[in-house]
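Right, one structure below, let's go through it.
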Amino acid sequence: MSMEYTRGKPIDKERLAQYLEMAKGERTMKQFAEECGVNPSTFSRIANKKFAGASSETLMRAIFDHAVSNCGFTLDDLMDANGMVPAGSVRINEYRFQELSVIDLITSEITRRASAVVYLHKKLRLSKSMGYMPDVLCESESFDGNGMWALDIIFASQFASRRDGDKQITKQRNRMMNRRRFFERLARYATIGYFHPEEVPQRFSFIILDKDFFEDIVTEYGEQKFRNDVSLVLVDVNKFKVTGEFIFPRQEGKMMDMFFTVPVEDETLDNEDDLIDIDDI
C-alpha cells in the first residue's frame, strides 16, 4: 500500500522546479509532460515558479514515476518540496501551517464572494472576564441579521492504536472524539447566544478538513435545528479548495443559502506573457 500525503508546510518553488528539471533528463519539457499525462502549461508554471498553491499528489507521483533513472531525489523529497508530508505524521507546527493556509483560503473566498470586513483576532464575550476568539470573524451588510459571521476550524482526531488489528476500535474512538469536539464548539456558540444574544454572530460555520469527519457530523447532527444560521464547510487541504458545504435547518424553517460551493466568475486570470515557452525548455 502506497503512502498517502497531506499539506503540512510551505511550498519550496525553487526546489520543486529543480526536481522537475532533474526528472525530465534529456527530454524536452513538452515530451515529459505528455509522458506524465498532463498539460505542458502545468509544467511550464512549475518550471517558471508561476503557481500559487501546491500541486496534486497525483501529479507528483506522475513526475516521480516517469523520471529518469537515478534522478537524484526520492518521492518524499519531491512531496516535501511540494509542501506535503506523510499523512498521520503532521506535527504541531505543520498543523499550524494548515490552519493558517485554511484561514487564508476562507478569507479569500469570503472577500471574493461578498463585500465583507474580515477580523482574525476579535473576541466574542462569554462572561465578564472570558472571551472566545473564532478563527475568522467577518461583517457584511449582505449577511442577514447583525451581519456577523464566525468561522472556526475543527481538526479531526488523530488517535492511533499501538496494536495491530485494532483499526475498527481506532476508527470508532476517533469518530466519538470528533463528535465530542464538534459538540464542544457548539457549546461555545450556545453560551454566547444564551448570555449575550446581542453579540452572537448571525452565522456560525465550522470548517472541517477531513471528509469522514464531515460526513459523520452531518449524519449525527444533520437534523438539529438552530435559532441562527449554522453550517459545515469541508476543505480539502491537498487541493486547497472548499469541496463541501452543509447547511443545518433553522427553527423557523428558513435556511441560509450555500455560499462557498456556489460557482462565481473568477476575475483573476493567469498572466502568461512572461512564461518561458515550453518548447524552449
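Structural remarks
- Within the range 212-228, considering residues that are loosely packed, with under 14 Cβ neighbours inside 10 Å and acidic (Asp, Glu), the one nearest to residue 246 (Cα to Cα): 223
- Residue, surrounded by the most Cβ atoms within 10 Å (Cβ to Cβ), within the range 33-58, restricted to residues that are within 13 Å of residue 19 (Cα to Cα) and either modelled with pLDDT of 90 or more or of a type outside the set (D, E, K, R) (or both): 43
Here is a yes/no grid of residues against (1) of a type in the set (A, V, I, L, M); (2) outside any strand (DSSP E or B):
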{"position": "189", "(1), (2)": "no, yes"}
{"position": "201", "(1), (2)": "no, yes"}
{"position": "205", "(1), (2)": "no, no"}
{"position": "223", "(1), (2)": "no, yes"}
{"position": "235", "(1), (2)": "yes, no"}
{"position": "239", "(1), (2)": "no, yes"}
{"position": "252", "(1), (2)": "no, yes"}
{"position": "255", "(1), (2)": "yes, yes"}
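- The set of residues in the range 93-138 that are aliphatic (A, V, I, L, M) and at pLDDT below 85 comprises 100, 120, 124, 126, 130.
The values are calculated or read from the model by the stated rules, or taken from the named source; none is laboratory data. Model, not experiment: these values are computed from the prediction. Don't worry about glycine lacking a Cβ; one is built from the backbone with ideal geometry, like all the others, and counts go over all protein chains shown.
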